[in-house]
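Okay, structure first, notes after.
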Amino acid sequence: MSNEAHNKDWVSRLDGLNHAAGEAGLDKNAAWDKLHTRMQRKQRKSKAGWYWAAAACVLAACLIPALLVHKQKYTGVHTSPAVTYHHSDTAAASVISKKEAPVNVVKEMHKPVAAQQEVAAILPALIHPVNPTNITAALKKDTLQITDTMLAAVPATAAPKKMRVVHINELGEATVNEVVYPEYKPFTIRVNSPAGLGDQTIANSTLNIHLSPKN
Amino acid sequence: MDLPVLIKEAKQGSAAAQKCIFDQLADKMLMVCRRYVKNQEDAEELLLDGFYKFFKGLPAFNYQGEAALYTWLKRIMINECLMFLRKKQAFVIVSETVAETIPLEEEALNNLSATDIFNLIVQLPAGYRTVFNLHAIEGMNHGEIASLLGISEGTSKSQLSKARSLLQKMLLQKNITYVKRSTQ
């Protein structure tokens, strides 16, 4: 800054001027209230910003591990025991299955763990059906023996135990088993006569023709 | 209460001390704003903006006397005003050619009262007024003014020259009116 202008008397007098003549002065109280409100509002805003940031951090800290656990739970590969079904409807198939082991293509599937555990709990009950005599014996143990009534004479019939209906959808996607027999292909056997007579089809796997050759 | 004590308390966030400082300096600072911005309401708004920045920056301020505090606060106010004028695009750059420097008779201004000088300055167009304020009152050179306003040094000189010639005219008119009044 150059000091050439500061030696002037009029500048210092102008700097000392507190109000312009003929104009209303500043309402200091109103101006201060306005300024103070603005200052407090800004402080509150900055505080609120910090609170929001803290809340976001806490939420993130809670959600991220939960999401990771959830993701791991559902992305784990589970291989269900493969059940191989053999085609036994044709005689040739049985022969082939004996001679050569079929190539099993088992598709791995992702099944929810909870659903599998449910199925595992139900399956033994399905395999071993409930015997009514066992149920009556068990009931006899638990029920009070009253001999002087007719009810005691009649053995209580066991109430049919309600089995839980398991829908196929609950078991999840079915395991797809494919048995591929490399040598079991459609074939046709034809007999050509040397004498120029008509040809004869004696076997066709697709049309299911099995004939004995005619003379 | 003394200003150093008030500053110390205001630094610690005392609203009462801040109000005392505001009461002491608001009038002078409003006149500073009015020198740059003609409109009273705009000047009051800029005064509040300036004081808000002042109180916000006060904890980092090292008090070295009343003059230093006054200079700092004045600088804040001037910056606020310049920002406002820049936003409003109030600078009317007439020409970039360097005009002849017309010496303003300092004695003529010295003979006038502070209010009269203020009224003369306020009547100048925004561009002239800003350059005149920065050069003649704040004591900045043309390089500083040019970098502050984003104009060339030549433009700054030109604006100052035109401001001076306009003030001369106004002073002349004022003298004439005084003469007229005295003759009546």
*Once label points are set 7 Å from the Cα along Cα→Cβ at both A:Ser12 and B:Asn110, what is their separation, rounded to one decimal in nm?*
1.2 nm
*Treat the count of other C-beta atoms within 10 Å as a stand-in for reagent exposure and order B:Ile76, B:Ile145 from fewest to most.*
B:Ile76, B:Ile145
*Beyond 21 Å, what share of the Cα-Cα pairs of the stretch B:3-88 is found? Please give it as a whole percent.*
26 percent
_If I take the Cα coordinates of the stretch B:106-183 and project them onto the principal axes, what are the three extents in Å, biggest first?_
48, 18, 18
*Looking only at other chains, what is the average number of their beta-carbon atoms within 10 angstrom of each beta-carbon in B:52-63?*
1
_Residue by residue through A:11-24, how many Cβ atoms from other chains fall within 10 Å of the Cβ on average?_
6
*Among B:Leu149, A:Leu68, which comes first, then next, by fewest other beta-carbon atoms within 10 Å?*
A:Leu68, B:Leu149
_Ascending count of other beta-carbon atoms within 10 Å, so fewest first, for B:Arg164, A:Arg41, B:Arg35_ = A:Arg41, B:Arg164, B:Arg35
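No lab work stands behind these numbers, since they all come straight from the coordinates. Keep in mind it's a predicted model, so treat the numbers as computed, not measured. Backbone-built Cβ (ideal geometry, glycine too); neighbour counts: all protein chains shown.
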